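K.L.:
Sharing a structure below in structure tokens format, with a few things to ask.
The values are calculated or read from the model by the stated rules, or taken from the named source; none is laboratory data. These numbers were taken from a predicted model, which means no experiment stands behind them. When we count neighbours, we look across all protein chains shown, and the Cβ atoms used for this are built from the backbone with ideal geometry, even at glycine. Accessible surface areas use protein heavy atoms only, side chains included; no ligands, DNA or RNA. Shrake-Rupley method; radii C 1.70, N 1.55, O 1.52, S 1.80 Å.
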Amino acid sequence: MRARGSKSYDLVLVHGLLNIHRWSRRFLERCVEQWGSGRVYVVYLNPPLQIWRKQLGHGTVTFIGRNDLTAGTRTVDVQAQDLAAKVRALRSRCGLSRPFSVIAHSMGGIVARRYMADHPEEVAAVVTLGTPHHGSPLAEHYRWLGSLLGAKGAFANLTPSWLARFNQEHPPDRYGPVYTVRGYGRPGRDWGVLGELLVGGAHLHWLCGTRSDGLVPEGSAVIEGAVHIADLPGYHHLDLVRRPEVADLCARYLP
């Protein structure tokens, strides 16, 4: 059963690199409060198209794809094609609205922008959370790790040089409203899932001389042509998908 809530359009959530930083239950429950039961969709960027629903709080959330580390491993172009396939399936089988709103985390923001380039009529607006719009030096330095994790294509598309070309071809203000949110972590103190924020934050702080959310340099989380809506001190990269007040922030800007 679909309860409308106060929003004009349904909400699609797009994860980041390797799907390693996952939407928390509290974040999803807050999205249901804002958008209504049956109007929140979580997309996993891998080929499978299986759909399932889960009761969260006072409503249901719809999921499509496989929730594992095969999601978010391939190039931006391929992930954007996966997103397009998921949108078609959700519309035909679940009645996803046209257009819909997007909250995208990390690399998911780049994928959402690429999707918008081919489907500008589909997206009402997107909020990017800790998205490396200008890339990250970590993608260059740890490219070997991308190969080890089966994410060579994704890592290659997160380098500053690749994103510079991407931004020339796909400026964010060409296709629709893009809003940015930037977190600030604590170098040497944040952990993450496997210690990635500890290593990444220290690398960016000590070797690159920049503040960050643990993975994304502060200058990369914003971009000309997008509207920057918030800096969140004390929110590291993983906090952006776990803390429910971030969902509230997004809801204030998404139609």
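K.L.:
In degrees, nearest 10, range 0 to 90: what is the angle between the Cα axis of helix 25-35 and the longest Cα principal axis of the chain?
P.N.:
The helix 25-35 is inclined about 50 degrees to the chain.
K.L.:
Using the Karplus curve 6.51 cos²θ - 1.76 cosθ + 1.60 with θ = phi - 60°, work out ³J(HN,Hα) for each residue of the stretch 53-70 in order, rounded to whole Hz, and write x for Gly and Pro.
P.N.:
Per-residue couplings from phi come out as 10, 9, 7, 10, x, 9, x, 10, 10, 9, 10, 9, x, 10, 7, 8, 7, 7 Hz.
K.L.:
Still on this structure, I have one more. Provide the gained length on full extension for the span His58 to Val193, in nm with one decimal, where the gain is 0.36 nm per separating residue minus the Cα-Cα distance.
P.N.:
Length difference between fully extended and current span is 45.8 nm.
K.L.:
Stretch Arg242-Arg25 to full length: gain in nm at 0.36 nm per residue minus the Cα-Cα span?
P.N.:
So the extension gain works out to 77.3 nm.
K.L.:
Could you sort Cys94, Cys31, Cys208 by their accessible area in this structure, using a 1.4 Å probe and putting the largest first?
P.N.:
Sorted descending by solvent-accessible area, the residues read Cys208, Cys94, Cys31.
K.L.:
Taking the Cα atoms of the stretch 123-224, report the difference between the largest and smallest coordinate on each principal axis, in whole Å and largest first.
P.N.:
Over the stretch 123-224, Cα extents along the principal axes are 37, 27, 23 Å.
K.L.:
With an 8 Å Cα cut-off and a minimum separation of 6 or more residues, compute the relative contact order for the chain in percent.
P.N.:
After rounding, I find 20 percent.
K.L.:
Counting Lys and Arg as +1 and Asp and Glu as -1, each charge on the Cβ, what is the dipole of the stretch 80-217 about the Cα centre in debye, to the nearest 20?
P.N.:
Here the stretch 80-217 has a charge dipole of around 180 debye.
K.L.:
Here are a few candidate values for Rg/Rh (Cα atoms, Kirkwood Rh): (1) 0.94; (2) 0.97; (3) 1.07. Which one was actually calculated from the structure I just gave you?
P.N.:
Of the listed options (1) 0.94; (2) 0.97; (3) 1.07, (1) comes from this structure.
K.L.:
Relative to a virtual label point 7 Å from the Cα of Leu49 in the Cα→beta-carbon direction, which members of the stretch 86-122 show backbone nitrogen distances below 15 Å?
P.N.:
86-96
K.L.:
Something else: Modelled label-to-label distance, Thr210 and Arg93, 7 Å Cα→beta-carbon offset: nm?
P.N.:
With each label placed 7 Å out from Cα toward Cβ, I get 3.9 nm.
K.L.:
Principal axes first, then extents: for the Cα atoms of the stretch 1-136, list largest minus smallest coordinate on each axis, whole Å, largest first.
P.N.:
Projected onto the principal axes, the Cα atoms of the stretch 1-136 cover 38, 29, 26 Å.
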